[in-house]
Each structure stands twice: as structure tokens, then as C-alpha cells.
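Chemist: One structure follows; several queries about it will come next.
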Amino acid sequence: MKRLMFVFPHPDDESFACGGTLAKCSDAGQETCLICVTSGCKGRSGPFALDSREALARHREQELAKAANILGITRLELYRYPDGGLAEVDPRELAGRLASAIVEWRPHVVVTFPPDGVTGHPDHIAVCRATGMAVEQAEQVLPPDDWPDLYFVSIPHYYDHCPDKGPAPAVPITGKVDITRYRDRKGEALRAHQSQVYSVNRAYPGVMEGDYGVIGCYEYYTLVRSGGRPVKPVAPENGIPVMEL
Ligand SMILES: [Zn+2]
């Protein structure tokens, strides 16, 4: 059975970036693990009056659990590092923890944000770095047959919809997963993050009202490491090929 591990810093990153892919993997009988490194206590609280960061963190964990349920995520791990503070965390510490998770769970595929973090958020960039280090550390321990492929996920639609467009993608996209049949599940998962109504409305207008028409039919990936070696991503000449993770 194929196992796929997704590593993101905040509750909701998984639904924005990979919601359709996660649902598709689940329906294919594959196991998915989501590691959420912070609990998003610095985020907005949307319509909810939460009087402390701790209360917001617990609330967002509940929203994440709901989204994970919708997406059929097999295993959800909360690391509860400080939201907005990952750039100050020793990357070796976070990488060590992630490496242990990889060695224990032995995913075939690991997915995280690209080096620009898609949005430029320092937490996104820090998680990208630590996850790359973790995969290399895990390779030191695991037999070669168990070395995972490492992918970055990009969100081109983020750049399309957001008025404050992020940086140009840091790496060329080398493959796209067809999520046509999973757009509703992605929309439902996004809606589970009710406190993040502002972010969802900005990137996916209409989704919070149950109109999933703005959700695209593909999610976009870049293979950057395989078989214990870096893969230099090359932009495909004739359009981005459809792939499965
Ligand atoms: Zn995030």
C-alpha cells in the first residue's frame, strides 16, 4: 500500500495546496499522513470570538481535524511549534523530528512547500527547508528501497486570485494531478476552516458559500529528489504532464 506524507506549517495549508490530491489518494486506498507543524495561533479568528491565542490554536486544530476527516487523511500529527516563529526554530531540531517520522512511517512520497513557500511566508519557507533536510537524514537510516520521493507543491491559482500576488514560482512545475472529481471534497475541506474565511475568500471566492466553481481541476507538483539524489526540475516544453503522486 502506498503511503504519502504531507508536511505543512499551518492548519488549512493542506486544503489549499493538496486538498484534491489528498481526497484522491484516500479513494485510491492509499495512506496519507499530514504533519501540521504549528496550530495557527497567530491567524485570524474569522467569525469566532476567541479570547486567547491558545483558544484559537485549539479551535483551528478542530477545524483541521474536520478537514482531515473530509479528505480521508489516515494519520494527523500536530507538532504545535510557535505559529509565525518557525524561522527562529533550529531547523536541525525540526528536521530531526520529521526524519524520525519518515523513518517510522516509511512514506513512499513526501510533499511540502517549495523554497519560496508559495506565499513567501517565513513559516512555509522554514518547513520546506526542514523537510528537505529530514528526507536526507532519513536516507542515512533507511534502506535504499525505502527512500521517499520528495515533491514540492505549488498553487498557481493563488497567484491568479490574490490581489497581492506572491513571488514568481521558485521552481518549475513538472507535473499536475487531475482532481476534477475531487473539487467538491477540496471545497468542503476549505470550508471546514471557518476561522480562515478571509484567506479562503481571497484565494477561492465563493467556496465558503458552497460554490466550488473557482477550484481548478489540477494540483501542481515538482519532483525534487528521488533515489537519494536531487532532481533538477526542468520546465516541460509541451505543457505540464498529468501525473499521480
Ligand atoms: Zn500557511
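Chemist: Excluding same-chain residues fewer than 8 positions from LYS176, which lysines have a Cα within less than 19 Å of its Cα?
Modeler: Leaving aside lysines fewer than 8 places away in the same chain, those within reach of LYS176 are LYS2, LYS24, LYS186, LYS232.
Chemist: Quote the FRET efficiency, to the nearest 0.05, computed for ARG75 versus ALA28 with a Förster distance R0 of 22 Å and r equal to the Cβ-Cβ distance.
Modeler: 0.85
Chemist: With a Förster radius of 51 Å, plug the Cβ-Cβ distance of VAL231 and ASP51 into 1/(1 + (r/R0)^6) and report the FRET value to the nearest 0.05.
Modeler: Plugging the Cβ-Cβ distance into 1/(1 + (r/R0)^6) gives 0.60.
Chemist: Simple spin-label model, 7 Å along Cα-to-Cβ: ARG44 to MET243 in nm?
Modeler: Inter-label distance under the simple model: 3.5 nm.
Chemist: Take ASP211 and ASP184, extend 7 Å from each Cα along the Cα→Cβ direction, and tell me the distance between the two endpoints in nm.
Modeler: 1.8
Chemist: Here's a follow-up. Translational diffusion coefficient, Stokes-Einstein: compute it for the chain using the Kirkwood radius over C-alpha pairs as Rh, at 37 °C and 0.692 mPa s, and state it as an integer in µm² s⁻¹.
Modeler: For these conditions, the coefficient is 184 µm²/s.
Chemist: Can I ask one more? 222 nm [θ] for the chain, helices only, -39500 (n - 2.57) per DSSP H run of 4+, per residue, to 500?
Modeler: The per-residue figure over the chain is -12000 deg cm²/dmol.
Chemist: Choose one answer from GLY213, GLY117, GLY20: the residue with the largest mean-square fluctuation in a GNM of the chain with alpha-carbon springs under 10 Å.
Modeler: GLY213
Chemist: Compute a Gaussian network model of the chain, connecting alpha carbons closer than 10 Å, and tell me which residue from SER39, SER52, SER154 fluctuates the most.
Modeler: SER52
Chemist: Suppose each label sits 7 Å from its Cα in the direction of the beta carbon; what would the GLN62-GLN140 distance come out to in nanometres?
Modeler: Calculated label separation equals 4.2 nm.
Chemist: Give me the tail of P(r) for the range 1-112 as a percent: Cα-Cα pairs with distance above 21 Å.
Modeler: Everything past 21 Å amounts to 37 percent.
Chemist: For the chain, what's the relative contact order in percent, using C-alpha pairs closer than 8 Å and at least 6 residues apart?
Modeler: RCO, the chain: 24 percent.
Each value in this text was obtained by applying a stated rule to the coordinates, not by laboratory testing. Computed from a predicted structure; not experimentally measured. Please note: Cβ atoms are built from the backbone with ideal geometry, for glycine as well, and neighbour counts cover all protein chains shown.
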